[in-house]
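Let me begin by presenting the structure, written as structure tokens, before commenting on it.
The values are calculated or read from the model by the stated rules, or taken from the named source; none is laboratory data. Remember, predicted model here, so these are calculated numbers, not experimental data. Note: ideal-geometry Cβ built from the backbone for every residue, glycine included; neighbour counts use all protein chains shown.
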Amino acid sequence: MITSNLPYAELLAIAQAFEDTGVRAYKGQAANLKETPFLTPALQIHFVETRHASEIRRLRGLKGWITGMERGAGMPEATQAVYNGEENIVQGGVDVTTLGSGSSFATEASTEA
């Protein structure tokens, strides 16, 4: 059995950063996998990673998604690099803030069209 001297809150913060990194890694490679047999499994893994990340956020008392590039309270500054770029408002080449609900909702989706 693995034990840790870290407080539970710190373990959750670290887990959040790891899961969010996984989400971005799979999402970031989707375009490179187009027209390959690896696209579908990669997107399936991406979806599972988003569910894991959402649940860890909920365990930390946060909403289950990112708005802009927020990390959430209690996250170490060293994790900011995981979240840079999450404020993207262009999805599939369209500025989604022009669809009527502002920029907050535009950054909260885990997948793009």
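Laid out as a table, the results:
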{"quantity": "Filtered residue count, the stretch 59-89, keeping only those that are in a helix (DSSP H, G or I), under 11 Å from the mean Cα position of the chain (by Cα) and of a type in the set (Ser, Thr, Tyr)", "calculated": "1"}
{"quantity": "Identity of the residue in the stretch 24-47, in a helix (DSSP H, G or I) and among the charged types (D, E, K, R), that ends up nearest to Asn84 (Cα to Cα)", "calculated": "Arg24"}
{"quantity": "Positions within the stretch 39-63 being in contact with a helix residue (DSSP H, G or I) (Cβ under 9 Å, 6 or more places away or on another chain) and under 20 Å from Glu10 (Cβ atoms), in sequence order", "calculated": "His52, Ala53, Ser54, Glu55, Ile56, Arg57, Leu59, Arg60, Leu62"}
{"quantity": "Failed criterion for Gly74 (all others in (1) at positive phi; (2) surrounded by 11 or more Cβ atoms within 10 Å (Cβ to Cβ); (3) modelled with pLDDT under 85; (4) out of contact with any helix residue (DSSP H, G or I) (no Cβ under 6 Å at 6 or more places or on another chain) hold)", "calculated": "(4)"}
{"quantity": "Index of the failed condition, Thr67 passing every other in (1) surrounded by fewer than 14 Cβ atoms within 10 Å (Cβ to Cβ); (2) touching a helix residue (DSSP H, G or I) at 6+ places or on another chain (Cβ under 8 Å)", "calculated": "(1)"}
{"quantity": "Residue pairs meeting the criteria (Cβ under 8 Å; at least 6 apart or on separate chains; first within 23 Å of Leu6 (Cβ to Cβ), in the stretch 57-86; second in a loop (DSSP other than H, G, I, E, B) and among the aromatic types (Phe, Trp, Tyr))", "calculated": "Arg57/Trp65"}
{"quantity": "Hits in the stretch 86-101 - residues which are surrounded by 11 or more Cβ atoms within 10 Å (Cβ to Cβ) and either at pLDDT 70 or above or of a type in the set (Gly, Ala, Ser) (or both)", "calculated": "Glu86, Glu87, Asn88, Ile89, Val90, Val94, Asp95, Val96, Thr97, Leu99"}
{"quantity": "Qualifying positions in the stretch 1-29 - modelled with pLDDT under 85 and more than 18 Å from Arg57 (Cβ to Cβ)", "calculated": "Met1, Ile2, Thr3, Ser4, Asn5, Leu6, Gly28"}
{"quantity": "Condition check for Val23: out of contact with any strand residue (DSSP E or B) (no Cβ under 8 Å at 6 or more places or on another chain) and surrounded by 15 or more Cβ atoms within 10 Å (Cβ to Cβ)", "calculated": "yes"}
{"quantity": "Given (1) surrounded by 13 or more Cβ atoms within 10 Å (Cβ to Cβ); (2) small (Gly, Ala, Ser); (3) free of Cβ contacts under 8 Å to residues at least 60 places away in the same chain, index of the condition Gly28 fails", "calculated": "(1)"}
